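Only one structure is covered here, and it is reproduced in the block below.
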Amino acid sequence: MPFPNGSELRPSFVLAALPGPEGAQAWVAALLCGAYAVALAGNGAVLLAVRLEPGLHTPMYLFLCMLAAIDLALSTSTVPRVLSFYWFGSGEIGFGACLLQMFLIHALSAVESTVLLAMAVDRYVAICHPLRHAAVLTNAAAARLGLAAVARGVLFFLPLPLLLLPLPFCGPRALSHSFCLHQDVMNLACANTTPSLVYGLAAILLVMGLDAVLICLSYLLILRAVLRLAAWKERLKAFSTCVAHICVVLAFYVPLIGLSVVHRFGRDLAPLVHVIMGNVYILVPAVLNPIIYGVRTKQIQRTILGLIHVGGRTSQ
């Protein structure tokens, strides 16, 4: 549908690639492919280990399965499209596909943030109210929290593509990242984007921002309870149960904050910074989460090693 001044309501957008010669981009594609393979293998192994090991059918590991499923969905919604760009030169993405990808990225990130908050509450109850833990956080309660996390992500971030849908787009169609993000697409519209800008910022603050505050609050309460323990060994043992979750929280929120800072204040930065920060935001949690929990959880280690051993014997 044409518009005056060369504007277009349903354009295709041009994805951003790392600047440089073709040889360098081939190496970038290989690194992305390797990281994606690690994410698929690691998160798939976590899901399989928890599925096969009855001793892991507890709320904490159900939340871990949710994280693994979210990371698989988030990386799969972006990385294959990026790889096709680097390998086959298909750098354009249609308007509808871009809005769908944008919604999936933001909604899945919101779901992951909510699950991380639920895991923080699980650690708080386990350490501060251990006698009530089994009664409060059951498998059914964990499943309900997971459904609530999905509903929260969909309800808060479905309006983002709907607000962009009627806007006309004109001028350059080049994105700053290798995938579609709300603010990146919004900046290409040649109309008043104030409602979309205000709602997008409010949604981020009310979901990820609020979750981050509540996670910090839960750990302050956990720290207070741990410091009340008499023996140092008891303190270390209690707090060591939180180490993996703290690492996963940092792996999620540090790239998120970095990407937000680049969007808000980094318009004059080199395109290389935008592309790298976007790929870090998508891939770092998906790659690190299964490694962190695989290293910290002996039950997962034993189950995965057992599967490898059985697979090795079968192949022989």
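All of (1) closer than 17 Å to Tyr61 by Cβ; (2) open to solvent by 70 Å² or more (accessible area, probe 1.4 Å); (3) at pLDDT below 75 hold for Arg302 with one exception: (3). Cβ-Cβ contacts under 6 Å between residues 6 or more apart (or on different chains), taken from a first residue in the range 124-150 that is without any contact (Cβ under 8 Å) to a residue 60 or more places away in the chain and farther than 10 Å from Pro59 by Cβ to a second residue that is open to solvent by less than 40 Å² (accessible area, probe 1.4 Å) and assigned to a helix (DSSP H, G or I), are listed as Val150/Val111. Being closer than 12 Å to Ala148 by Cα and open to solvent by less than 10 Å² (accessible area, probe 1.4 Å) is the filter here, so list the residues in the range 114-123 that pass it. Within the range 114-123, Val115 is the sole residue that qualifies.
For every residue, the table says whether it meets (1) touching a residue at least 40 places away in the same chain (Cβ under 8 Å); (2) within 16 Å of the chain's Cα centre (by Cα); (3) part of a helix (DSSP H, G or I); (4) surrounded by fewer than 18 Cβ atoms within 10 Å (Cβ to Cβ).
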position: Cys33; (1), (2), (3), (4): yes, no, yes, yes
position: Gly42; (1), (2), (3), (4): yes, yes, yes, no
position: Ala45; (1), (2), (3), (4): yes, no, yes, no
position: Arg51; (1), (2), (3), (4): no, no, yes, yes
position: Leu62; (1), (2), (3), (4): yes, no, yes, no
position: Ile70; (1), (2), (3), (4): yes, yes, yes, no
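Hey, can you tell me all the residues within the range 172-193 that are more than 15 Å from Phe95 (Cα to Cα), free of Cβ contacts under 8 Å to residues at least 60 places away in the same chain and open to solvent by less than 70 Å² (accessible area, probe 1.4 Å)? Those that are more than 15 Å from Phe95 (Cα to Cα), free of Cβ contacts under 8 Å to residues at least 60 places away in the same chain and open to solvent by less than 70 Å² (accessible area, probe 1.4 Å): Ala191, Thr193.
Do you know which of the residues in the range 87-105 that are open to solvent by less than 30 Å² (accessible area, probe 1.4 Å) and assigned to a helix (DSSP H, G or I) is farthest from Ala148 (Cα to Cα)?
Here the residue is Phe95.
The values are calculated or read from the model by the stated rules, or taken from the named source; none is laboratory data. Quick caveat, the model's predicted, so the values are computed rather than measured. FYI the Cβ positions are ideal-geometry reconstructions off the backbone, even for glycines, and counts take in every protein chain you see. Protein only, heavy atoms only, side chains kept; ligands, DNA and RNA dropped before computing areas. Shrake-Rupley method; radii C 1.70, N 1.55, O 1.52, S 1.80 Å.
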